[in-house]
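Structure record follows, encoded as structure tokens.
The values are calculated or read from the model by the stated rules, or taken from the named source; none is laboratory data. All figures in this text were calculated on a predicted structure; none of them were measured in a lab. Heads up: the accessible areas ignore ligands, DNA and RNA and are worked out on the full protein's heavy atoms, side chains in. Shrake-Rupley method; radii C 1.70, N 1.55, O 1.52, S 1.80 Å.
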Amino acid sequence: MKQGAQGSAGAGGAEVSGSSGLGAVRVPAQVRAVDVGRRGAARDVPEAAVRGEHTHSEVPIPCPSPREELGARAVVQRASVRGQILDALRTALVTGELRPGEVYSAPALGERFGVSATPVREAMQQLALDGAVEVVPNRGFRVVERGARELAELAEVRALIEVPVMVRLARTVSAQRWAELRPLAEATVRAAASGCRATYAESDRVFHRALLSLAGNEQLVQIAEDLHRRAQWPLMGAAAVSRGRAEMVADAAEHLALLDALIARDLDVVRALVGEHFAGA
């Protein structure tokens, strides 16, 4: 990463390791953002994200998150820019473009996004609160390395929270309300068939959020979504086996089966499907 790394050094930040090769992670290209810099003055950001050279062949993220389809706006507040960058970084985590163990500096990433280091740093700090990265003083942010044990623990916690909720909802929610969620379940099947991990991860969260929202407990929804997002981050080393299209399709098919069980109020099947769904994911 020659150009991006040199730009970061000039900005007073540490260079991104040349071995990290972030590729073409970007905020929406069609958005013309206004980035508020350190001096408080606004500066126009080019429509196309700045792309630095690096030592690897440049491979863009294979598919954008649905959240990247935001539509053009003339002016975007810094908080919105930060949110777009946060979405792009979360997508990069899911796809593996942000590699576990690698250190990334905000100035160098800012060069790639075409913004100052400030909104990138703010987005990274949110990822640090989420547990996705950790702060490395005077260098940047290191992507947290995770193993299969942590993934299994997340699955157990999700099951402890969501299984009893789904069983309770199966007793009280009408079949018509469950049927209204079928388009979301079918969307996960289409997303899985596309083979795009980022697109499937987003549609998967949307479906699970819709299910839990019927409980009427916003705190429950937020906690469950945080655990869900963390479960989608890649693993490290021998445990880092990417989920292929077949695994995602099988996972999505369980959403349809779960809706059928909820409509039929088959509590035993609901309990088994939700538990197995987390274990398989």
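Return the sequence-ordered ³J(HN,Hα) values of the range 126-138 in whole Hz as given by the Karplus equation 6.51 cos²θ - 1.76 cosθ + 1.60 applied to θ = phi - 60°, using x for Gly and Pro.
Rounded to whole hertz, the list is 5, 5, 5, 5, 6, x, 7, 9, 10, 6, 10, x, 6.
How many Å² of accessible area per residue for the range 146-210, probe 1.4 Å?
46 Å²
How much length would be gained if the chain were fully extended between Q126 and L256, taking 0.36 nm per residue of separation minus their Cα-Cα distance, in nm to one decimal?
Length gained between Q126 and L256: 43.5 nm.
Which ³J(HN,Hα) values in Hz, rounded to whole numbers, follow from the phi angles of the range 249-262 under the Karplus curve 6.51 cos²θ - 1.76 cosθ + 1.60, where θ = phi - 60° and Gly and Pro get x?
Computed from phi, the couplings for the range 249-262 are 5, 5, 4, 5, 4, 5, 5, 5, 5, 5, 4, 4, 5, 5 Hz.
Mind listing the phi-derived Karplus ³J(HN,Hα) values for the range 116-122, rounded to whole Hz, using 6.51, -1.76 and 1.60 with θ = phi - 60°, and x for any glycine or proline?
Karplus-based 3J(HN,Hα) across the range 116-122 equals 6, 6, 4, x, 5, 4, 5 Hz.
Leaving out ligands, DNA and RNA, what percent of the accessible area of the range 132-281 is carbon and sulfur, probe 1.4 Å?
Ligands and nucleic acids excluded, carbon and sulfur give 55 percent.
Hey, can you grab everything whose amide H is under 5 Å from the amide H of V144? Only 5+ residues off in sequence or another chain; H modelled, so Pro and N-termini drop out.
G101, V133, E134
Semi-axes of the range 131-281's equivalent ellipsoid from the Cα gyration tensor, sqrt of 5 times each eigenvalue, largest first, rounded to whole Å?
Semi-axes (√(5λ), whole Å): 29, 17, 14.
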